[in-house]
Amino acid sequence: MSDNAFEPRLIGFLCRWCSYNGADLAGTARMKYPPNMVPIKTNCSGRVDPTFVMKAFQEGADGVLIAGCHPGDCHYINGNYRTAARYPLMKVLLQQMGLEPGRVRLEWISAAEGDKFARTVAEFTEQIRALGPLEWGKQFSGNGSGSIGAGGQEPTEALEEVPA
Amino acid sequence: MRKPKLALYWAASCGGCEIAVLELKEKILDVAAAFDLVFWPVALDFKYKDVEAMADGEIDVCLFNGAIRNSENEHIARLLRDKAKVMVAFGACSAMGGIPGLANVSDRREIMDLVYRRNPSLANDEGVLPQTKTVVPEGELTLPELYDTVKTLDQTVAVDYYVPGCPPEAGQIWTVVSAVIAALKSGRLPPKGAVLGAGEKTCCDECERVKEEKKISAFKRPWEIVPDPERCLLEQGIVCMGPATRAGCGARCPSVNMPCRGCYGPPAGVVDQGAKMLSTIASIVDAPTPEEIAEIAATVPDPLGTFYRFGLASSLLRRTKVPAAESEARV
């Protein structure tokens, strides 16, 4: 991997009952897929607050995958139905801010679908590679916090300047 | 004892916050009696140079309304921050970017182009754009520079307290003013970053409408239906921002059949008001299949303008297409 080539940074919010196990299966079955996605285990795809997705983009993600159980399979009966409703609305919202719709993706991946997981990550990585880097967080030196009362100024930028 | 010095300023705002202060009515005399008003461009004839001549920290309290979107706004924000001991972000624009913050979906170039070139009611054949400096025979004329990005006050200078609202309720302003007077006297100020003149819970908590189970099969705009005056507006399919908005106004809009617009910002502990509202809406859509649910959810008109009507500048959202020059120029 050369230093100059763009490597997409992806965040995957995976439901612990299906998609995370699907990812495990892909691993134990030694399926190959790109290493670009950081998986984050959530209890349910319905736990993925739109705030998480926005925060991921703001902190440098180029694409966000949300993966949960197939409709009807939710461990919590209807958590993924919440996701199904939230996702299109969030997509419209992000598009209104100029974000390419391909940067967020929702997939239903069961614990038995290791191959679908591997395929999804591979496809998504290439899709984001084609779109290029997002660099949402560098847009302006806001304090990165929407909550009024959080106070303070732009900690993110200051932190980035600290030498490693 | 010398009276504490009070300054009020308007940056990118509509003037509504100033009217809200005047809504104190005869209590405005109490404000004048308790404070020495040293700067209030809308009502009193002080100049910027009068403020520049003050010592640092000479002003006790500054109520700053309006967002920061041009070089003049920023200059005065920095000036008043230096001169004031207590800086209060007063009103939705100052605290969260407010309505001007919606301009962050666009940028300066696009705004200038639309307003001065492509506006259908405009006669500007030469395509003249406002310039920061223009030389005329009488000398040089200057205008403040419009920024690409609208910022909140706390994205520009350090802010001590926040008073949300578009505008803040007159009753709440009085509470804040008297609390600040008492605090200055006792020397015990509220913790920095506190939201004053508002509650911790949500607008729904103050709303007297009957709330039952929320299940929505279609979203309506307020003009499309005659809402039941007793029942929760959200349950009737009207997108009411109540569940994601801080209490403090006494639910004034829902009490007159209009949905909450969210001007008091997110309640305590919430980072992004619009994201929370999006979650709320998505959770109450009622349909048997994910496809139908998605279809109904997608019918919410203008999610960005609805969920982030006042909070776009302070939200996690960022414009994706941005002029390269800006990030260097504005830091």
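Taken together, the values in this text are just the output of simple stated rules run on the coordinates, not laboratory data. Nothing here was measured: the structure is a model prediction, and the numbers come from that model. Virtual Cβ from ideal backbone geometry, glycine too; neighbours counted across all protein chains shown.
Evaluate the distance, in nm, between pseudo-label points positioned 7 Å from the Cα of A:D24 and of A:N4 along their respective Cα→Cβ axes.
Each label point is offset 7 Å from its Cα along the Cβ direction, giving 4.4 nm.
Using alpha-carbon pairs under 8 Å, 6+ residues apart, how would you state the relative contact order of the range A:10-135 in percent? Please list the in-between numbers first.
Numbers: 211 pairs, mean separation 49.3, N = 126.
Relative CO of the range A:10-135 lands at 39 percent.
Can you list, bin by bin at 10 Å, the percent of alpha carbon pairs in the protein assembly as shown, starting at 0?
It works out to 4, 17, 25, 24, 17, 8, 3, 0, 0, in whole percents.
Quick one: order A:K91, B:K85 by neighbouring beta-carbon count within 10 Å, fewest to most. Please report the intermediate quantities before stating the final value.
Values: A:K91 21, B:K85 16.
In order of increasing Cβ crowding within 10 Å: B:K85, A:K91.
For the range B:121-127, what does the Karplus curve 6.51 cos²θ - 1.76 cosθ + 1.60, with θ = phi - 60°, yield as ³J(HN,Hα) per residue in whole Hz, taken in order and with x for Gly and Pro?
The phi angles translate into 8, 9, 10, 9, 4, 7, x Hz.
Per residue of the range B:304-318, in order, report the coupling 6.51 cos²θ - 1.76 cosθ + 1.60 (Karplus, θ = phi - 60°) as ³J(HN,Hα) in whole Hz, putting x for Gly and Pro.
Residue by residue, the range B:304-318 yields 5, x, 7, 7, 10, 4, 10, x, 5, 5, 9, 7, 7, 6, 10 Hz.
Checking the cross-link filter: which lysines have an alpha carbon closer than 27 Å to that of B:K83, excluding same-chain neighbours under 8 positions apart?
The reachable lysines, counting only those whose Cα sits under 27 Å from B:K83, are B:K3, B:K5, B:K27, B:K47, B:K49, B:K151, B:K185, B:K192.
Treating the beta-carbon of each Lys and Arg as +1 and of each Asp and Glu as -1, no other charges, what is the dipole magnitude of the range A:1-44 about its Cα centre, to the nearest 20 debye?
That gives a dipole near 180 debye.
Based on DSSP H runs of at least 4 residues, each adding -39500 (n - 2.57), what is the mean residue ellipticity at 222 nm of the protein assembly as shown after dividing by all its residues, to the nearest 500 deg cm²/dmol?
That calculation yields -9000 deg cm²/dmol at 222 nm.
Which shape class applies to the range B:203-307: rounded if a/c is under 1.5, otherwise prolate when a/b exceeds b/c and oblate if not, where a ≥ b ≥ c are the square roots of the Cα gyration tensor eigenvalues?
oblate
May I ask you to evaluate 6.51 cos²θ - 1.76 cosθ + 1.60, the Karplus curve with θ = phi - 60°, for each residue of the range B:275-290 and list the ³J(HN,Hα) values in order in whole Hz, giving x for glycine and proline?
5, 5, 5, 4, 4, 4, 4, 5, 6, 10, 6, 10, 7, x, 10, x
Loop-only GluC sites (Glu not before Pro) in the range B:21-65, please: DSSP not H, G, I, E or B, and at most 10 other Cβ atoms within 10 Å.
Sites meeting the loop and neighbour criteria: B:E26.
Summing +1 for each Lys or Arg and -1 for each Asp or Glu, what net charge is found among the other residues whose Cβ lies under 13 Å from the Cβ of A:G79?
Values: positive: A:R16, A:R47, A:R82, A:R86; negative: A:D49, A:D73.
Counting the neighbours of A:G79, the net charge comes to +2.
Would you mind classifying chain B by shape? Square roots of the alpha carbon gyration tensor eigenvalues, ordered a ≥ b ≥ c; an a/c under 1.5 is rounded, otherwise it is prolate if a/b is larger than b/c and oblate if not.
oblate
By counting other Cβ atoms within 10 Å of each Cβ, how are A:W136, A:W108 ranked from fewest to most? List each step's numbers first, then the result.
Values: A:W136 25, A:W108 22.
Ascending Cβ contact count within 10 Å gives the list A:W108, A:W136.
Taking amide H positions as placed in the peptide plane 1.01 Å from N, state which residues far from A:T42 in sequence (5 or more) or on other chains have amide H under 5 Å from it.
Counting only residues 5 or more places away or on other chains, the set is A:L14, A:C15, A:R16.
Give, rounded to the nearest 20 debye, the magnitude of the charge dipole that the protein assembly as shown has about its Cα centre when Lys and Arg contribute +1 at Cβ and Asp and Glu contribute -1 at Cβ.
780 debye
Find the centroid of the Cα atoms in the range B:7-63 and in the range A:103-136, then give the distance between the two in whole Å.
What the calculation gives is 55 Å, centre to centre.
For an R0 of 25 angstrom, estimate the FRET efficiency from the Cβ-Cβ distance between A:K138 and B:K133 and round to the nearest 0.05. Mind dumping the intermediate values first?
Details: r = 30 Å, r/R0 = 1.19.
Given R0 = 25 Å and the Cβ-Cβ separation, E is 0.25.
For B:I238, which sequence-distant residues (separation of 5 or more, or a different chain) have an amide H within less than 5 Å of its own amide H, given hydrogens modelled in the peptide plane?
Under 5 Å from the amide H of B:I238 lie the amide H atoms of B:K220, each far enough along the sequence or on another chain.
Can you work out the FRET efficiency for the pair B:S178 and B:S255, with r the C-beta to C-beta distance and R0 = 22 Å, to the nearest 0.05? Intermediate results must be reported in sequence, preceding the final value.
Values: r = 25 Å, r/R0 = 1.15.
E(calc), rounded to 0.05, equals 0.30.
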